[in-house]
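The values are calculated or read from the model by the stated rules, or taken from the named source; none is laboratory data. The structure displayed is predicted, hence computed values, not measured ones. Note that we place each Cβ from the backbone using ideal geometry, even for glycine, and neighbour counts take in every protein chain shown. Accessible surface areas use protein heavy atoms only, side chains included; no ligands, DNA or RNA. Shrake-Rupley method; radii C 1.70, N 1.55, O 1.52, S 1.80 Å.
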Amino acid sequence: MCVVCGCSGNSPAHARHVQTHAGEAGVVQVNPGNGDLHFGAGAARVSVPGMSQARAIKLETDILGANNRVAQQNRAHFEAHGVTALNLVSSPGSGKTTLLCATIEALKKHAPGLRVAVIEGDQQTSFDADRIRATGAPAIQVNTGKGCHLDAPMVSEAFAQLHSHDHHSHDHHHGNHDDGHSLLFIENVGNLVCPAVWDLGEAAKVAILSVTEGEDKPLKYPDMFAAAQLMILNKTDLLPHVKFDVARCIALARRVNPTIEILQLSATTGEGMDAWLHWLDHAMGAHHHHHDEPVSEEAALRQRVQQLEAELAQAQAALTTRSAA
Amino acid sequence: MHEASLAGGVLQLVEDTAVREGFSRLLSLRLEAGQLAGVDVRALRFALESLAPGTVLEGAEIQIEEPPGQAWCMGCAQTVSIAQRGDACPSCGSYQLQPTGGMELRVIDMQVSDD
C-alpha cells in the first residue's frame with residue numbers, strides 16, 4: 001500500500017502522485033537544520049517589520065477529503081449503473097465469504113437474472129475471489145499488501161476491472177438492459193477497526209459478527225458498529241454449543257448505535273437467510289426509488305426532529321423567562 | 001494502524017498547499033482529531049513523525065487538538081459529554097445518545113515561512 005493515500009502501490013493513480021512528489025521536491029525545500037528562524041534569507045535579503053515572512057494558512061480541510069471525493073464519485077458511478085453496493089465488514093473468520101457464497105446461491109432462486117458481483121479485499125491471496133468465482137459470480141480480488149482496509153480509489157479501480165472482465169453483463173447493461181439493477185458486495189479486509197473510517201461509496205455498511213466471537217464486540221469496537229446500518233449475527237447454528245448471550249449482544253449494539261438493524265442467520269444451514277434476502281430487496285428498492293427511504297434513515301430523521309423540537313422548547317422557555325424578568 | 005494512511009493524507013494536503021501557496025518551509029501544523037473520530041492520537045503523531053524525514057513535514061511542530069466527544073441525550077434533551085461511543089449519559093444513565101461533536105478529523109491551519 002502507498003502510505004500517501006492508501007492506494008494500491010501499482011495503480012495509475014499512484015503513478016500520478018509519485019510524479020507530484022518528485023515535481024514538488026524542487027519547490028518545497030525542507031530545511032534539515034534545527035528549526036531556527038532565519039529572517040532575511042528571502043529574495044530581499046532583509047526582514048521588513050510588519051511584513052513577516054512567516055504567515056498562517058487556514059485550511060480547515062478534512063484529512064479524509066481525498067478519499068471521500070473518490071467515494072462520492074464511486075457512489076455516483078454506482079447510481080448511474082444501477083448498482084447497490086454494500087460494504088461488508090467484520091473481524092477475520094466471521095464467515096463473510098461463506099455468507100456471500102450462500103447469498104449468491106440463494107439469490108439465483110430468489111431473484112433470477114439479478115447480477116451480483118463481488119470485490120474481495122484481503123492482505124494476500126486470491127482464495128476468497130476463487131471461492132466466489134466458483135459460484136459463477138464475477139469477482140475481483142484486491143490485495144492490500146500491508147494495508148489494513150480498502151479505500152475508495154481501490155474500489156474505483158476494482159469496479160473498473162469488474163466491468164472490463166464482465167463483457168456480457170456490460171453489453172447487456174448498455175444494450176437492451178432489463179431493469180438494470182445489480183448488487184455489488186464489497187468484502188472488506190477482516191478488521192473491526194480501520195474500515196470504519198473509510199467511505200468506499202457504498203449504500204450501507206453491513207457488520208457481520210459470528211456467535212463464536214464475544215457478545216461484547218459491539219462495545220469493544222464501537223466505531224464499526226456505529227458506522228454500520230445492519231448487524232448480521234452469523235453462525236447461529238452453533239448457539240447451542242457456545243456461551244453467547246444474543247440479547248446482551250443486541251443490547252450492546254443498540255447502545256453504540258440506537259438505529260442499527262439486526263438479523264440473525266446461519267449461512268451454513270440457511271436458517272434466517274430469507275430475512276437477509278428480504279433486507280437486500282429493500283436495500284435495492286430503497287436505493288433506486290428515492291421516495292422510499294431506508295427504515296433506519298427514517299428513524300434517524302424522527303430522532304433528529306425530536307431533538308430539534310426539544311431544543312425549540314428550551315429556547316422558548318428561555319425566551320419566556322427573559323421577557324418575564 | 002490506519003493512522004499511517006491518515007498521516008499520508010495529511011502530508012498530501014500539506015504538499016498540495018505548498019504548491020498552491022508557494023511557501024518554502026512549514027513551521028507548524030495544527031490538526032484536529034476528535035475523541036469520537038476513531039483515531040488514536042498517539043499513533044497518528046507517531047505516523048506523522050515517521051513520515052516526516054525528507055518531506056515538507058520535517059522540522060515542523062505538529063499540534064493535535066482533541067475536541068471532546070459530545071452527544072445529544074434524548075432523555076435529558078441536552079448536550080452531554082462522552083469520552084467514547086457506547087458510554088452512558090453522565091446525567092441520566094441512558095444510552096439513547098446521538099453523537100454531535102468530537103468526530104472532526106481535519107487539518108486546521110499551518111504557519112509557514114517564505115524564506
Inset, instruction - Ignore the peptide's own chain and count Cβ atoms of other chains within 10 Å of each Cβ in B:64-72; give me the average, rounded. - result: 1
Inset, instruction - Pairs of Cα atoms under 8 Å, at least six residues apart: use those to get the relative contact order of segment A:208-248, whole percent. - result: 60
Legend entry - Total accessible area lost when B and A pair, probe 1.4 Å, Å² to nearest 100: 4500
Inset, instruction - Determine the shielding of peptide A:213-219 by partner chains: average, over its residues, the number of Cβ atoms on other chains within 10 angstrom of each Cβ. - result: 1
Inset, instruction - Enumerate the aspartates and glutamates that A:Lys109 could reach by cross-link, defined here as Cα to Cα under 20 Å, with residues fewer than 8 away along the same chain left out. - result: A:Asp178, A:Asp179, A:Glu271, A:Asp274, A:Asp281
Inset, instruction - Go ahead and run the numbers for FRET between B:Val41 and B:Cys92, Cβ-Cβ distance against an R0 of 41 Å, rounding to 0.05. - result: 0.90
Legend entry - Relative contact order of chain B, pairs being alpha-carbon contacts under 8 Å that are 6 or more residues apart, as %: 36
Inset, instruction - Rank by packing, highest mean first: peptides A:65-75, A:146-156, with packing defined as the count of other Cβ atoms within 10 Å averaged across residues. - result: A:146-156, A:65-75
Inset, instruction - List, in order, the whole-Hz ³J(HN,Hα) value for each residue of segment B:69-75 obtained from phi through the Karplus relation with A = 6.51, B = -1.76, C = 1.60 and θ = phi - 60°; use x for Gly and Pro. - result: x, 9, 9, 8, 8, 5, x
Inset, instruction - Mind listing, in residue-number order, the residues in segment B:1-46 that have at least 40 Å² less accessible area with every protein chain present than in their own chain alone (1.4 Å probe)? - result: B:His2, B:Ser5, B:Leu6, B:Gln12, B:Leu13, B:Glu15, B:Val19, B:Glu21, B:Ser24, B:Arg25
Legend entry - segment A:62-67 - phi-based ³J(HN,Hα) in whole Hz, Karplus 6.51/-1.76/1.60, Gly and Pro as x: 5, 5, 8, x, 5, 5
Legend entry - Taking segment A:84-139 and dividing mean pair separation by its residue count, relative contact order in percent (alpha carbons under 8 Å, at least six apart): 33
Legend entry - Principal-axis tilt of helix B:3-21 within chain B, Cα atoms, nearest 10 degrees: 50
Inset, instruction - In whole Hz, with x marking every Gly and Pro, tabulate ³J(HN,Hα) for segment B:30-47 from phi via Karplus 6.51 cos²θ - 1.76 cosθ + 1.60, θ = phi - 60°. - result: 10, 10, 9, 10, x, 4, 9, 7, x, 10, 8, 5, 5, 5, 5, 5, 4, 5
Inset, instruction - Skip the ligands, DNA and RNA, and give the accessible area per residue of segment B:1-59 with a 1.4 Å probe, whole Å². - result: 36
Legend entry - Selection from B:Cys89, B:Ala52, B:Ala37, by position along the positive dipole direction of chain B (Cβ): B:Cys89
Inset, instruction - Equivalent ellipsoid semi-axes for segment B:1-44, as square roots of 5 times the alpha carbon gyration tensor eigenvalues: give them largest first, rounded to whole Å. - result: 23, 11, 8
Legend entry - Amide hydrogen neighbours beyond the local backbone of A:Leu88, cut-off 5 Å, H modeled: A:Ile186, A:Glu187, A:Asn188, A:Val206
Inset, instruction - State, to one decimal in nm, how far the label point of A:Asp274 lies from the label point of A:Ala315, with both points 7 Å from Cα in the Cβ direction. - result: 4.9
Inset, instruction - Take every residue in peptide A:303-310, count the Cβ atoms of other chains within 10 Å of its Cβ, and give the average of those counts. - result: 3
